[in-house]
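Below: the structure, in structure tokens.
The values are calculated or read from the model by the stated rules, or taken from the named source; none is laboratory data. Being a predicted model, the structure only gives us computed values, none of them experimental. For neighbour counting, all protein chains shown are included, and Cβ atoms are generated from backbone atoms with ideal geometry for every residue, glycine included. Ligands, DNA and RNA are stripped out before the accessible areas are found, and what is left, the full protein with its side chains, is counted by its heavy atoms. Shrake-Rupley method; radii C 1.70, N 1.55, O 1.52, S 1.80 Å.
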Amino acid sequence: GAVVSQHPSRVICKSGTSVKIECRSLDFQATTMFWYRQFPKQSLMLMATSNEGSKATYEQGVEKDKFLINHASLTLSTLTVTSAHPEDSSFYICSASHREHGGNTIYFGEGSWLTVV
Amino acid sequence: GIQVEQSPPDLILQEGANSTLRCNFSDSVNNLQWFHQNPWGQLINLFYIPSGTKQNGRLSATTVATERYSLLYISSSQTTDSGVYFCAVVRAAAGNKLTFGGGTRVLVKP
């Protein structure tokens with residue numbers, strides 16, 4: 001099946017610094033990628049939709065200046081958490097859509113655990 | 001926006017037991033997927049099933065789109081089935097934006 005890879009899987013950073021998370025589709029081209037955030041024991045919440053070659057579309061309540069998203073190519077999207085604070089600590093996971101059998105199946109990366117200390 | 005509700009929220013099973021997880025959604029959907037999230041956080045795509053019935057080994061799923069619900073069946077459960085099961089839908093005309101249900105946390109005891 002389609003593979004989506006995320007890196008790093010775990011990262012610890014100091015308050016006030018920025019951290020970048022990469023999401024790659026390894027064996028298919030993804031014109032659209034999605035970034036989600038998941039707090040412990042909660043469901044996934046969509047943060048933004050990342051479109052190749054254009055600005056990301058952010059969900060209501062998500063600060064676009066804090067969570068910078070870049071979709072530089074058809075196989076790579078990055079999420080940069082700027083000026084990170086402890087409340088940004090969370091599990092971040094990306095997904096990419098892949099046309100299959102006339103429909104759209106969405107595959108997820110392995111996720112990235114961010115801890116801000 | 002579309003509402004996605006899963007039940008039960010928690011499920012404890014004895015190994016070998018069968019179970020049914022339910023997903024109700026409030027609007028027409030173009031896509032419905034079931035995922036299993038393992039203890040390390042990884043989401044595994046189980047089924048893409050906007051309608052009809054599919055089976056994959058001990059798992060099967062049925063979606064009745066006209067009645068806006070989907071069911072996931074786990075038969076002869078194993079301890080490796082433990083984790084959180086999510087139902088997620090794409091509302092018609094919403095692109096590929098998945099909306100997730102709250103999940104069902106499953107624990108299979110040996």
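Quick check on this structure: which one of A:T105, A:T57, A:T78 is closer than 18 Å to A:C13 by Cβ and β-branched (V, I, T)? Before the answer, list the steps.
Values: A:T105 fails: closer than 18 Å to A:C13 by Cβ; A:T57 fails: closer than 18 Å to A:C13 by Cβ.
Testing whether each residue is closer than 18 Å to A:C13 by Cβ and β-branched (V, I, T) leaves just A:T78.
Tell me the strands (runs of 3 or more DSSP E) entirely within the range B:25-72 that contain at least 3 residues that are hydroxyl-bearing (S, T, Y) and surrounded by 14 or more Cβ atoms within 10 Å (Cβ to Cβ).
B:59-64
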Quick count over the range B:9-24, residues being open to solvent by less than 40 Å² (accessible area, probe 1.4 Å) and outside any strand (DSSP E or B), is 1
Among the residues of the range B:73-88, the number that are closer than 26 Å to A:M33 by Cα and open to solvent by 10 Å² or more (accessible area, probe 1.4 Å) is 2
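Restricting the range A:80-89 to residues that are in a loop (DSSP other than H, G, I, E, B) and under 9 Å from A:V19 (Cβ atoms), which is least open to solvent (accessible area, probe 1.4 Å)? Give the derivation first.
As a first pass, look at the range A:80-89 and keep what is in a loop (DSSP other than H, G, I, E, B): A:82-85, A:89.
Narrowing the set further to residues that are under 9 Å from A:V19 (Cβ atoms) leaves A:82, A:84.
On the way: A:T82: 30, A:A84: 0 Å².
Ranking the candidates gives A:A84 first.
Among A:Y92, A:Y107, which is the only one that is of a type in the set (S, T, Y), open to solvent by less than 60 Å² (accessible area, probe 1.4 Å), assigned to a strand (DSSP E or B) and modelled with pLDDT under 95? Steps first, please.
Numbers: A:Y92 fails: modelled with pLDDT under 95.
Just one listed residue meets the conditions, A:Y107.
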Apart from one, (1) surrounded by 14 or more Cβ atoms within 10 Å (Cβ to Cβ); (2) within 24 Å of B:Y85 (Cβ to Cβ); (3) touching a residue at least 40 places away in the same chain (Cβ under 8 Å) all hold for A:S77; the odd one out is (2)
The correct count of residues that are open to solvent by 10 Å² or more (accessible area, probe 1.4 Å), within 14 Å of chain A (Cβ to nearest Cβ) and farther than 30 Å from A:N51 by Cα in the range B:89-110 is 2
Of those in the range B:76-88 that are more than 11 Å from every other protein chain (Cβ to nearest Cβ) and touching a Ser or Thr at 6+ places or on another chain (Cβ under 7 Å), the residue farthest from B:A61 (Cα to Cα) is B:S77
Scanning the range A:34-63 residue by residue, those closer than 23 Å to A:T115 by Cβ and either part of a strand (DSSP E or B) or in contact with a Phe, Trp or Tyr (Cβ under 7 Å, 6 or more places away or on another chain) (or both) turn out to be A:F34, A:W35, A:Y36, A:R37, A:Q38, A:S43, A:L44, A:M45, A:L46, A:M47, A:A48
